[in-house]
1. In the set 96, 135, which member is in contact with a strand residue (DSSP E or B) (Cβ under 8 Å, 6 or more places away or on another chain) and within 15 Å of the ligand (Cβ to nearest atom)?
2. Any residue at all in the stretch 208-216 that is over 19 Å from the mean Cα position of the chain (by Cα), exposed (fewer than 15 other Cβ atoms within 10 Å of the Cβ) and within 23 Å of residue 156 (Cα to Cα)?
3. Please specify each residue of the stretch 166-195 satisfying the condition of being surrounded by 13 or more Cβ atoms within 10 Å (Cβ to Cβ) and over 30 Å from residue 258 (Cα atoms).
4. Just to be sure before I move on: is residue 302 over 21 Å from the mean Cα position of the chain (by Cα) and touching a residue at least 60 places away in the same chain (Cβ under 8 Å) in the structure I sent?
5. Failed condition for residue 285, given (1) surrounded by fewer than 23 Cβ atoms within 10 Å (Cβ to Cβ); (2) assigned to a helix (DSSP H, G or I); (3) free of Cβ contacts under 8 Å to residues at least 40 places away in the same chain, with all others met?
6. Determine whether the stretch 146-158 contains at least one residue that is touching a helix residue (DSSP H, G or I) at 6+ places or on another chain (Cβ under 6 Å), farther than 21 Å from residue 86 by Cβ and assigned to a loop (DSSP other than H, G, I, E, B).
7. Could you please tell me which pairs satisfy a Cβ distance under 9 Å, a separation of 6+ or placement on different chains, a first residue in the stretch 236-261 that is at positive phi, and a second residue that is within 14 Å of the ligand (Cβ to nearest atom) and assigned to a helix (DSSP H, G or I)?
8. Being out of contact with any helix residue (DSSP H, G or I) (no Cβ under 9 Å at 6 or more places or on another chain) and farther than 18 Å from residue 199 by Cα narrows it down to one of 124, 169, so name that one.
Ligand SMILES: NC(=O)c1ccc[n+]([C@@H]2O[C@H](COP(=O)([O-])OP(=O)(O)OC[C@H]3O[C@@H](n4cnc5c(N)ncnc54)[C@H](OP(=O)(O)O)[C@@H]3O)[C@@H](O)[C@H]2O)c1
């Protein structure tokens, strides 16, 4: 087992693995024909900027050793980086996803912006340490950019480890996650009392509960927010199936329902980054487009909600 203390910097690691692509530095957005790069938001605890469209890996990257599925996902991952993406969110809870991401990254070009995020999802201090070490090996990333406690699991035990690892440079940021409205009260309590760099929860145009307390609290406490389930696990597409995109979507450079849903999320002032998951190249390109151009104003956001609610 690799000793976490023998950690390599990301660049050293990539060099060791022979993966640094020679001078291939496509300008983010170039493939989408956009002149300015992807919109970025600041991580409040550091001021570091991060591209607003990230990607999730739950289910979509859990393909084990299936060669055809892996080949297809290699193109999805390449499109993510070629179009300005940075943050990839995984978890040991997602079956083989961490391993698949790690394998595919070895043959992905133009990935200098990679911001790797995973989670600890077990009980007990030592189990947590071993699981996090295994995640770093599987994803091939040391230090890990963001380590999150998955669904608050045994958070009192893991948080001191995460703090120690941040101090010694094994991880760069600390976070905690939840989804579809679970544990919000407890999450709020943790956010009020513990200094965290990131919080992750669900937020989308049909589930706006996070607007009430979590998003304002994150802004107050200077925490970056990662939004999961931006498509309500795909349910939003079923809702608008066969329905025309409103003409006024063009006013914020939106040409698909996918972009409509993502632009709604990232235009909330307290949202740092959204992590849609897809297994399809055309959907990845569509999702990345949402990080470019204008975003809806407050008035437009209200109109967007009315439109979707009435469907
Ligand atoms: N507690 C937690 O920490 C937690 C909980 C939930 C989620 N998460 C994270 O958040 C990520 C996102 O959430 P999620 O995966 O549950 O759901 P999601 O991103 O809301 O929805 C994913 C679904 O949307 C479809 N899709 C994606 N882009 C599309 C497009 N442009 N057009 C049409 N369909 C599209 C995908 O199908 P195709 O493959 O066909 O594109 C997939 O079925 C997860 O992968 C995970 O990383 C974390």
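The values are calculated or read from the model by the stated rules, or taken from the named source; none is laboratory data. Nothing here was measured: the structure is a model prediction, and the numbers come from that model. Cβ coordinates were reconstructed from backbone atoms using ideal geometry, including for glycine residues, and neighbour counts include every protein chain displayed.
1. On the way: 96 fails: in contact with a strand residue (DSSP E or B) (Cβ under 8 Å, 6 or more places away or on another chain).
Testing whether each residue is in contact with a strand residue (DSSP E or B) (Cβ under 8 Å, 6 or more places away or on another chain) and within 15 Å of the ligand (Cβ to nearest atom) leaves just 135.
2. Yes, some residue in the stretch 208-216 is over 19 Å from the mean Cα position of the chain (by Cα), exposed (fewer than 15 other Cβ atoms within 10 Å of the Cβ) and within 23 Å of residue 156 (Cα to Cα).
3. Once the filter is applied, which keeps residues that are surrounded by 13 or more Cβ atoms within 10 Å (Cβ to Cβ) and over 30 Å from residue 258 (Cα atoms), the stretch 166-195 yields 166, 170, 171, 172, 186, 190, 191, 194.
4. Details: over 21 Å from the mean Cα position of the chain (by Cα): yes; touching a residue at least 60 places away in the same chain (Cβ under 8 Å): no.
So residue 302 fails the test.
5. Going through (1) surrounded by fewer than 23 Cβ atoms within 10 Å (Cβ to Cβ); (2) assigned to a helix (DSSP H, G or I); (3) free of Cβ contacts under 8 Å to residues at least 40 places away in the same chain one by one, residue 285 breaks only (3).
6. No, that holds for no residue.
7. Filtered contacts from the stretch 236-261: 253/259; 253/263; 253/289.
8. Matching residue, one of 124, 169: 169.
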